[in-house]
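Novice: Take a look at this one; I'll ask things after.
The values are calculated or read from the model by the stated rules, or taken from the named source; none is laboratory data. Given the structure is predicted, the values throughout are model-derived calculations rather than measurements. Positions of Cβ are generated from backbone atoms using ideal geometry, with glycine treated the same way; all protein chains shown enter the neighbour counts. Side chains are part of the model used for accessible areas, which takes the heavy atoms of the whole protein and leaves out ligands, DNA and RNA. Shrake-Rupley method; radii C 1.70, N 1.55, O 1.52, S 1.80 Å.
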Amino acid sequence: MNYPKINLDGASVAITGGGAGIGRAVAKLFASKGARVAIGDLNKAAAEETAEMIGGTAHHLDVADRGSFESFVAAAEKAHGPLHVLVNNAGLMPNGGFLELSDATDRLQIDVNLGGVLNGLKLALPGMAERGFGHVVNVASLAGKFPVKGLAVYNATKFAVVGLTAATRLEFADAGVSITAVLPSAVDTALASGLDMRPIPKVQPEDVARAVVDSVHNRRAEIAVPGYVGVLAAAAGITPEPVLNRIRRLVRDDRALHSDRPERTEYRANLEAQQGSRR
């Protein structure tokens with residue numbers, strides 16, 4: 001499919017969860033290419049810090065709230081013009097046994113990791129389709145292809161984002177709008193803090209940012225970071241279950257079930273605070 005080219009110099013770009021981690025790295029790289037960047041984040045102070053760093057605009061955003069997302073898109077387009085690129089990056093990853101995590105925590109993951117992507121797509125795609133060009137990047141995860149003990153609901157949300165991306169990509173291709181799923185392995189941010197995910201490789205936010213920005217040019221359907229983990233995930237999908245389970249035991253694939261490291265305790269406390277702020 002030959003999509004209309006997008007020149008990043010002067011392009012209008014909106015990024016969710018742009019206050020820190022992957023989102024901040026993505027914002028910095030887009031800005032370095034000349035893009036005009038709107039940063040949305042639940043933490044307005046973090047968004048403002050990133051915006052000041054790159055010369056963009058900062059906006060409070062709760063991706064799980066349709067009205068909040070609608071206000072973000074409207075503000076981004078008022079400041080920088082109709083969207084060329086939307087990066088659905090905001091997400092969270094609590095860990096623990098499936099029966100141990102609360103219903104509220106499960107719902108929060110679904111609302112943010114999946115609901116936020118749904119909101120972004122439904123709000124950005126109509127304008128892009130009407131204009132005949134645009135690009136959406138959904139930051140999913142290797143966990144959208146490869147299940148991990150201790151991340152059951154997170155896996156479910158990311159599997160859903162991968163499927164959603166593939167289906168909407170087909171639907172909007174003829175309108176000139178491309179949709180890409182970026183699938184990082186474990187990323188060295190607060191999201192995976194305190195978790196020993198070996199042998200899954202840990203990558204830096206800047207690695208993911210390069211994949212996101214490059215997708216505007218190559219318009220690939222899926223991009224794994226690092227690239228070889230996509231091949232491994234595909235191989236795991238056709239490996240007989242007894243063999244795969246033996247490999248899992250050898251590499252101790254249950255590390256995400258429990259972690260009492262201080263960084264993880266702090267991350268969980270922040271998630272509980274988020275739940276409180278949404279009530």
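Novice: Shape call for the range 1-88 from the C-alpha gyration tensor, a ≥ b ≥ c root eigenvalues: rounded (a/c under 1.5), prolate (a/b greater than b/c) or oblate?
Specialist: It is oblate, given that a/c is not under 1.5 and a/b is not larger than b/c.
Novice: Using every Cα-Cα pair within the range 93-188, state what percent have a distance larger than 15 Å.
Specialist: Numbers: 2791 of 4560 pairs.
So the pairs more than 15 Å apart make up 61 percent of the total in the range 93-188.
Novice: Per Stokes-Einstein, at 37 °C and 0.692 mPa s, what whole-number D in µm² s⁻¹ belongs to the range 1-156, with the Kirkwood radius over Cα pairs as the hydrodynamic radius? Could you put the intermediate results ahead of the total?
Specialist: Working: Rh = 16.0 Å.
Estimated diffusion coefficient is 206 µm²/s.
Novice: Counting only protein heavy atoms, what percent of the accessible surface of the range 72-142 is carbon or sulfur at a 1.4 Å probe? Please list the in-between numbers first.
Specialist: Working: 1500 of 2550 Å².
Answer for the range 72-142: carbon and sulfur cover 59 percent of the accessible area.
Novice: Take residue 79 and residue 149, extend 7 Å from each Cα along the Cα→Cβ direction, and tell me the distance between the two endpoints in nm.
Specialist: Placing both labels 7 Å beyond Cα along the Cβ direction yields 4.5 nm.
Novice: Rounded to the nearest 0.05, what FRET efficiency do residue 44 and residue 2 give with R0 = 45 Å and r taken as the Cβ-Cβ distance? Could you check?
Specialist: 0.70
Novice: Same structure, new question: Taking the Cα-to-Cβ direction at residue 221 and at residue 33 and moving 7 Å from each Cα, how far apart do the two end points lie in nm?
Specialist: Each label point lies 7 Å from its Cα, and together they span 2.2 nm.
Novice: For residue 210 and residue 131 in the same chain, what is the full-extension length gain: residue separation times 0.36 nm, less their Cα-Cα distance, in nm?
Specialist: Taking 0.36 nm per residue and subtracting the Cα distance, the gain is 25.8 nm.
Novice: OK, next. Cross-link partners among lysines for residue 28, C-alpha distance below 23 Å, same-chain residues fewer than 8 apart left out?
Specialist: Within the straight-line limit of under 23 Å, residue 28 reaches these lysines: 5, 44, 78, 202.
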